[in-house]
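The structure appears below as structure tokens.
The values are calculated or read from the model by the stated rules, or taken from the named source; none is laboratory data. Note that the coordinates shown come from a computational prediction; the quantities given were computed from them, not determined experimentally. Don't worry about glycine lacking a Cβ; one is built from the backbone with ideal geometry, like all the others, and counts go over all protein chains shown. Note: areas computed on protein heavy atoms with side chains; ligands, DNA, RNA excluded. Shrake-Rupley method; radii C 1.70, N 1.55, O 1.52, S 1.80 Å.
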Amino acid sequence: RTESHRQPVAYEEVNDHLINAILATEDSEFFEHSGINIRSFMRAVWEELTSPGEGTGGSTITQQLVKNQFLSPERSFDRKFTEMLLAMRVERILSKEEILEAYMNMVYLGYNANGTNIEGVGAAAEGLFGVKPSELHLAQAAYIAGMIQSPGRYTPFNRNGTINEENLSRGLKRMEYVLGRMLETGRITKEEYEEALAFDIKGSLAKPQPSIVDKYPYLTFAIEEAAIDILLQLHLKEAGLDMEEVDDLEPYRAQARQDLFRGGYKIYTTIDRELYEALHEVVAKADFGPRSKKHRVTVEDVETGEEKEVGLLEQVGGTLIDNRTGAILAMIEGRDFNESQVNFSRAPRQPGSAIKPILDYAPAFELGVLQPASVLDDAPLYTYDYSTGRYKRFTNFSGQYYGLVTVRKALEQSYNIPAIKAMQKVAEEDRNTVLSFLRLMGLEQITADDLDILPSAIGGGSWNVSVEELTAAFATFANQGQYREPYLIERIETMDGNVIYQHEVKPVQVFSPQTAFLITDTLRDVVRSGTASLIGSRVGNVDLAGKTGTTSDTYDYWFIGYTPQITLGLWRGYELNDSLSAGYSRRHQLLW
């Protein structure tokens, strides 16, 4: 995703028609001179005086390459002299084929059917005619070669993708001139010349195609940011620096961003396209609640183009992870990129009861202070609120209390009071170890002080987590207690195929296999007969464990579920806090 589309090609990938058209028009003695051609230069001056705009140009291809790559656009004798000296030096360093390849890949050629600037003959062949440079017809090759002189005058498209008839007419005349030069210099026969003139250039023009941003807007930006982070780390490593040692990372990040957009890298992601599109298709057909009554936003009407004020969409965020590796197989980033550019799979939200296995019960099992059969008293619990000067009473979602219950039952039905008491027990036992568990799973936002704030135990503290973070944390239980960092990029290669980055899976043992087994076995009950029993009734014999989560005033709803192979986390809510409409629990479980 750049301002200019580039499709680098090797010399061997360009057909002879295009190479001959460029040589006939721009530098017919390219393979004979050593960088400059005085006779050609003098001829160009005469042609410009007698037929302005129709000449072959005075600079050799090597000079044009030097001028565009190394020199300023100023017109002066000093600059021209420097250009000639550099051109002769380049000719001593590179072969003719290497020079021509570099030239064909850097030359600006107007804009394509999508209205995007194009640089290089690869992007021109694809963007103007929808073919590879090896597949160009002679007439198409001549048209592209003719554009080099003045891309703005000859590009056949407007910025909106429609055909620019005036430019096309000029381009066809220029194409005829190029074909004439090819005939004159013996590069084509009379028959080929006549056939090319009869070719329907207009009918062969490419049609606008959805860009990568049009098709996958959220995902494109997520991949870019992940790639920039990787390139940033590579730059720092090359410089012998640690990220923590650098006071201002912005210059390094800016360089990494520029490298990504101009480096010709091949980025291999973990995304399964078929799976990704299938998840988004489900979301597109799903039942969502009404727009927010509390928060409104101005959007553009797709049909009329007029701006109108509407309530915020009820949103959804999801992450699907391969437990074995941590690879993100698919994401659900939101419902409409035109209304909100927030990636809701990565936007931090309050986790509600979905945090209970992570923060309360798994640490308690690991430290030996509780087990699934342990009994806790689900009775009224109060805490003093210094901000209001009053006591706050904790309740369950149902508003009822259930007395003495096992941990298994408390987790199955998501009772709040037992979860708070579990967190109190682990904080009293060894709060530093509890925090270390969280850090190892990438949950660094929860502090030691949070363990003293009782709402933290039920996901109501001052900290938030993203769907991606929480999904990866749950996958730890599926991996016998080993955490694997979620990742989006598998590897990065240079244009030549050299691998500069390859993701390495580095398992981190957080909990014992015994703790992971006990949590998983307890969370199976959540699906079988607990708060997610609707899901359990619909998945058949799938070995599924998971946990629901709801926040105060029903601002957020969660379900994180996992099998031995994959973990899928799903959140819904509004971008700005507003209560979800009735039936949200059923709708969310059906969507999962």
Next on the checklist: Give all pairs with beta carbons closer than 7 Å in which a residue from the stretch 492-507 that is farther than 28 Å from residue 478 by Cα and free of Cβ contacts under 8 Å to residues at least 40 places away in the same chain meets a residue that is part of a strand (DSSP E or B) and open to solvent by 50 Å² or more (accessible area, probe 1.4 Å); count only pairs at least 6 apart in sequence or on separate chains.
Outcome noted: 499/491
Next on the checklist: Condition check: at pLDDT 95 or above and outside any loop (DSSP other than H, G, I, E, B). Does residue 334 satisfy that?
Outcome noted: no
Checklist entry - Applying the selection to the stretch 431-456, what residues are open to solvent by 30 Å² or more (accessible area, probe 1.4 Å), closer than 16 Å to residue 509 by Cβ and not in a loop (DSSP other than H, G, I, E, B)? => result 433, 436, 439, 440
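Being within 31 Å of the chain's Cα centre (by Cα) and either part of a helix (DSSP H, G or I) or not hydrophobic (A, V, I, L, M, F, W, C) (or both), is that true of even one residue in the stretch 508-518?
Within the stretch 508-518, the subset within 31 Å of the chain's Cα centre (by Cα) is 508-510.
Narrowing the set further to residues that are either part of a helix (DSSP H, G or I) or not hydrophobic (A, V, I, L, M, F, W, C) (or both) leaves 509.
Yes - at least one qualifying residue is present in the stretch 508-518.
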Checklist entry - Does the stretch 464-484 hold any residues that are open to solvent by 10 Å² or more (accessible area, probe 1.4 Å) and either in contact with a helix residue (DSSP H, G or I) (Cβ under 6 Å, 6 or more places away or on another chain) or in a strand (DSSP E or B) (or both), and which are they? => result 480, 482, 483
Next on the checklist: Checking residue 207 against (1) surrounded by fewer than 15 Cβ atoms within 10 Å (Cβ to Cβ); (2) outside any loop (DSSP other than H, G, I, E, B); (3) at pLDDT below 95, only one condition comes out false. Which one?
Outcome noted: (2)
Checklist entry - When the residues of the stretch 141-160 are filtered to those that are part of a helix (DSSP H, G or I) and open to solvent by 10 Å² or more (accessible area, probe 1.4 Å), which remaining residue is farthest from residue 178 (Cα to Cα)? => result 152
Checklist entry - So, in the stretch 290-329, of the ones that are of a type in the set (Gly, Ala, Ser) and out of contact with any Gly (no Cβ under 8 Å at 6 or more places or on another chain), which residue ends up nearest to residue 580 (Cα to Cα)? => result 311
Checklist entry - For residue 100, all conditions in the list (1) more than 31 Å from the chain's Cα centre (by Cα); (2) among the aliphatic types (A, V, I, L, M); (3) assigned to a strand (DSSP E or B) hold save one; what is the number of the exception? => result (3)
Checklist entry - Within the stretch 373-407, can you find the residues that are in a loop (DSSP other than H, G, I, E, B), in contact (Cβ under 8 Å) with a residue 12 or more places away in the chain and either among the polar types (S, T, N, Q) or open to solvent by 60 Å² or more (accessible area, probe 1.4 Å) (or both)? => result 373, 374, 380, 395, 396, 397, 401, 402
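Matching residues to (1) of a type in the set (A, V, I, L, M); (2) more than 26 Å from residue 483 (Cα to Cα); (3) at pLDDT below 95; (4) surrounded by 21 or more Cβ atoms within 10 Å (Cβ to Cβ):
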position	(1), (2), (3), (4)
523	yes, no, no, yes
562	no, no, no, yes
576	yes, yes, no, no
582	yes, yes, yes, no
590	yes, yes, no, no
Next on the checklist: Exactly one of these conditions fails for residue 91: (1) among the acidic types (Asp, Glu); (2) open to solvent by 70 Å² or more (accessible area, probe 1.4 Å); (3) modelled with pLDDT of 75 or more. Give me its number.
Outcome noted: (2)
Next on the checklist: Step by step: first the residues of the stretch 103-123, then only those that are touching a Lys or Arg at 6+ places or on another chain (Cβ under 7 Å) and assigned to a loop (DSSP other than H, G, I, E, B), then the one that is surrounded by the fewest Cβ atoms within 10 Å (Cβ to Cβ). Which residue is that?
Outcome noted: 115
Checklist entry - (1) open to solvent by 60 Å² or more (accessible area, probe 1.4 Å); (2) assigned to a helix (DSSP H, G or I); (3) touching a residue at least 60 places away in the same chain (Cβ under 8 Å); (4) under 20 Å from residue 64 (Cα atoms): which one isn't true of residue 126, the others all being true? => result (4)
Checklist entry - Among 371, 400, 350, which is the only one that is among the polar types (S, T, N, Q), modelled with pLDDT of 90 or more and closer than 19 Å to residue 449 by Cα? => result 350
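Here is a yes/no grid of residues against (1) modelled with pLDDT of 85 or more; (2) over 30 Å from residue 223 (Cα atoms); (3) open to solvent by 30 Å² or more (accessible area, probe 1.4 Å):
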| residue | (1), (2), (3) |
| --- | --- |
| 1 | no, no, yes |
| 5 | no, no, yes |
| 40 | no, yes, no |
| 43 | no, yes, yes |
| 51 | no, yes, yes |
| 61 | yes, yes, no |
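Kindly establish whether residue 570 is among the hydrophobic types (A, V, I, L, M, F, W, C) and buried (at least 20 other Cβ atoms within 10 Å of the Cβ).
yes
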Checklist outcome for this item: Counting only residues that are under 28 Å from residue 105 (Cβ atoms) and of a type outside the set (Lys, Arg), the stretch 252-284 contains a total of 14
Checklist entry - For the stretch 195-202, does any single residue satisfy the condition of being surrounded by fewer than 19 Cβ atoms within 10 Å (Cβ to Cβ), among the aromatic types (Phe, Trp, Tyr) and not in a helix (DSSP H, G or I)? => result yes
Checklist entry - Out of curiosity, is residue 460 under 25 Å from residue 395 (Cβ atoms), part of a loop (DSSP other than H, G, I, E, B) and either without any contact (Cβ under 8 Å) to a residue 60 or more places away in the chain or of a type outside the set (S, T, N, Q) (or both)? => result yes
Checklist entry - Of the residues 224, 277, which single one is without any contact (Cβ under 8 Å) to a residue 24 or more places away in the chain, within 16 Å of the chain's Cα centre (by Cα), assigned to a helix (DSSP H, G or I) and closer than 21 Å to residue 487 by Cβ? => result 277
Next on the checklist: Which numbered condition in (1) of a type in the set (A, V, I, L, M, F, W, C); (2) closer than 20 Å to residue 475 by Cβ; (3) in contact with a Pro (Cβ under 6 Å, 6 or more places away or on another chain); (4) open to solvent by 20 Å² or more (accessible area, probe 1.4 Å) is the only one that residue 337 fails?
Outcome noted: (2)
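Scan the stretch 569-588 and tell me whether some residue there is more than 30 Å from residue 292 (Cα to Cα) and not in a helix (DSSP H, G or I). Write out each step before concluding.
Taking the stretch 569-588 first, the residues more than 30 Å from residue 292 (Cα to Cα) are none.
Checked the stretch 569-588: no residue is more than 30 Å from residue 292 (Cα to Cα) and not in a helix (DSSP H, G or I).
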Checklist outcome for this item: Note on the stretch 294-313: residues out of contact with any strand residue (DSSP E or B) (no Cβ under 6 Å at 6 or more places or on another chain), among the charged types (D, E, K, R) and either buried (at least 16 other Cβ atoms within 10 Å of the Cβ) or touching a residue at least 12 places away in the same chain (Cβ under 8 Å) (or both) are 294
